[in-house]
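A short worksheet on the structure shown next.
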Amino acid sequence: MDPSQEIDKAIAAHSAWRQRLNVAISDGSSDFSVENVKLDNRCEFGKWFYGLPAAQRDSEHGRKMQDLHAAFHVETARILALALAGQKDKARESMAAGSEFQSISGKLVISLTRWKQTA
């Protein structure tokens, strides 16, 4: 598949996590497990990314994408765990402006967008 399409899908899918986390915070439940969310090779983008030739993954940009993507999954899983444990305030704080989640999400989208421009 066209890398631009995969990147567009990745941006949309990872942006959807804000809403999923808000629902999990409100409901105290989720269709996703913390363990699966933490893994960066289970989402569609991760499957596609890890299926790329090693030369692309091992490029400077590829390594940066991998690091940001993995960090996004770890932070998202951490917030989901707080939500599922009923720690609503901590979970909301973890998503607020200036949070690690906001920082990683923004960097991930910027990096994906730049990658799309060069694809």
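Of the set (1) among the small types (G, A, S); (2) free of Cβ contacts under 8 Å to residues at least 60 places away in the same chain; (3) in contact with a helix residue (DSSP H, G or I) (Cβ under 6 Å, 6 or more places away or on another chain), all apply to A54 but (3). Say we look at the range 1-41 and pick out the residues that are assigned to a loop (DSSP other than H, G, I, E, B) and closer than 23 Å to Q102 by Cβ; which of these is nearest to the chain's Cα centre (by Cα)? That would be D40.
Of all positions in the range 24-44, at least one carries a residue that is more than 20 Å from M95 (Cβ to Cβ) and in contact with a His (Cβ under 8 Å, 6 or more places away or on another chain).
If you go through the range 2-24 and keep only what is among the charged types (D, E, K, R) and in contact with a Phe, Trp or Tyr (Cβ under 9 Å, 6 or more places away or on another chain), you end up with E6, K9, R18, R20. Can you list the helices (runs of 4 or more DSSP H) lying wholly within the range 48-119 that have 2 or more residues being of a type in the set (S, T, N, Q)? In the range 48-119, 60-84, 100-118 are the helices (runs of 4 or more DSSP H) which contain 2 or more residues that are of a type in the set (S, T, N, Q). Quick check: anything in the range 79-94 in contact (Cβ under 8 Å) with a residue 60 or more places away in the chain and under 20 Å from Y50 (Cβ atoms)? So far as the range 79-94 goes, no, none of its residues is in contact (Cβ under 8 Å) with a residue 60 or more places away in the chain and under 20 Å from Y50 (Cβ atoms). For the range 56-73, the set of residues classified as among the small types (G, A, S) and either modelled with pLDDT of 90 or more or at positive phi (or both) consists of A70, A71, listed by residue number.
The values are calculated or read from the model by the stated rules, or taken from the named source; none is laboratory data. Predicted model only: the values in this text are computed from it and were never measured. Glycine also receives a Cβ, built like all others from the backbone with ideal geometry; neighbour counts cover every protein chain displayed.
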